[in-house]
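Step one of this worksheet: look at the structure below.
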């Protein structure tokens, strides 16, 4: 059974982390590590370590160049409850694993307390997400929710949702609140029509070039840098 496939991860509750740096980050997290498979000696008291050949690791790897070490660990499925304070990242149908991982990593860097993903977003336990996030997904809670319902409730309670949109107010016109949400839409379609029905706070990143749009991860990084407590 390959844990590189989402259906198998869902069935077993396990995922794969590849590469020495990623495995080391995993071992410093609170996640339950089931086993490590390596072609070179590796010491840890967190789990059983299985020593194999480079060819064994190549067959187990999903990467084009097998790093020679991988770990199997239990996924975390945090239930979101609105925190009293702190900034939150929300991703609407963000389907590129590299962008999702980069955004989670950036959110952790700027002290965000949670990441909310729509059910149409990429799987945070996808190997490409983990690689791009450099282990941030092991620490920052990521929950899959109905954004329409969850953000609607937060707005009703007075939490601002800063939505990255063309034609909005320049983000620099706003001060960073003690709690709020930065919302980033999908790479292809932006923020979904259902979410656009909510009383969002549209913000834009002014530019001078002729490029059609910014990469989702770049746009999210700029907005999170500004809206960080």
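The values are calculated or read from the model by the stated rules, or taken from the named source; none is laboratory data. No experiment lies behind these values; they were computed from the predicted model shown. Cβ atoms come from the backbone with ideal geometry, glycine included; neighbour counts cover every protein chain shown.
State whether one or more residues within segment 200-217 are over 22 Å from the mean Cα position of the chain (by Cα), closer than 19 Å to residue 118 by Cα and surrounded by fewer than 15 Cβ atoms within 10 Å (Cβ to Cβ).
No: segment 200-217 contains no residue that is over 22 Å from the mean Cα position of the chain (by Cα), closer than 19 Å to residue 118 by Cα and surrounded by fewer than 15 Cβ atoms within 10 Å (Cβ to Cβ).
The rows are residues; the columns are (1) within 10 Å of the chain's Cα centre (by Cα); (2) within 21 Å of residue 174 (Cβ to Cβ); (3) not assigned by TED's automatic domain parsing to the domain that holds residue 70.
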{"position": "107", "(1), (2), (3)": "yes, yes, yes"}
{"position": "132", "(1), (2), (3)": "yes, no, yes"}
{"position": "146", "(1), (2), (3)": "no, no, yes"}
{"position": "156", "(1), (2), (3)": "no, yes, yes"}
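If you take the residues in segment 56-75 that are modelled with pLDDT of 90 or more and in a loop (DSSP other than H, G, I, E, B), which one is surrounded by the most Cβ atoms within 10 Å (Cβ to Cβ)?
68
So how many residues does segment 76-86 have that are touching a helix residue (DSSP H, G or I) at 6+ places or on another chain (Cβ under 9 Å) and either surrounded by 19 or more Cβ atoms within 10 Å (Cβ to Cβ) or without any contact (Cβ under 8 Å) to a residue 40 or more places away in the chain (or both)?
The total comes to 1.
Could you list, in sequence order, all residues of segment 1-51 that are in contact with a strand residue (DSSP E or B) (Cβ under 6 Å, 6 or more places away or on another chain) and part of a helix (DSSP H, G or I)?
Correct list: 9, 20, 23, 26.
Please state which of the following conditions residue 186 fails to meet, knowing it meets all the rest: (1) in contact with a strand residue (DSSP E or B) (Cβ under 8 Å, 6 or more places away or on another chain); (2) surrounded by 17 or more Cβ atoms within 10 Å (Cβ to Cβ).
Here residue 186 meets the rest and fails (1).
Here is a list: 57, 94. Which entry is under 19 Å from the mean Cα position of the chain (by Cα) and touching a residue at least 12 places away in the same chain (Cβ under 8 Å)?
Every option except 94 fails the conditions.
Scan 153, 148 and give me the residue that is touching a helix residue (DSSP H, G or I) at 6+ places or on another chain (Cβ under 7 Å) and surrounded by fewer than 22 Cβ atoms within 10 Å (Cβ to Cβ).
Just a single option satisfies the conditions, and that option is 148.
Check whether at least one residue in segment 167-186 is without any contact (Cβ under 8 Å) to a residue 60 or more places away in the chain and under 19 Å from the mean Cα position of the chain (by Cα), and report yes or no.
no
Would you point out which residue out of 94, 89 is assigned to a strand (DSSP E or B) and surrounded by 21 or more Cβ atoms within 10 Å (Cβ to Cβ)? If you could, list the steps in order and put the result at the bottom.
Numbers: 94 fails: assigned to a strand (DSSP E or B).
Result: 89 is the single residue among 94, 89 that is assigned to a strand (DSSP E or B) and surrounded by 21 or more Cβ atoms within 10 Å (Cβ to Cβ).
Quick check on my filter: what residues within segment 1-29 are within 14 Å of residue 75 (Cβ to Cβ) and without any contact (Cβ under 8 Å) to a residue 60 or more places away in the chain? First the steps, then the outcome.
Step one: filter segment 1-29 for residues within 14 Å of residue 75 (Cβ to Cβ), giving 3-17, 26, 29.
Answer for segment 1-29, where residues must be within 14 Å of residue 75 (Cβ to Cβ) and without any contact (Cβ under 8 Å) to a residue 60 or more places away in the chain: 5, 7, 8, 10, 11, 12.
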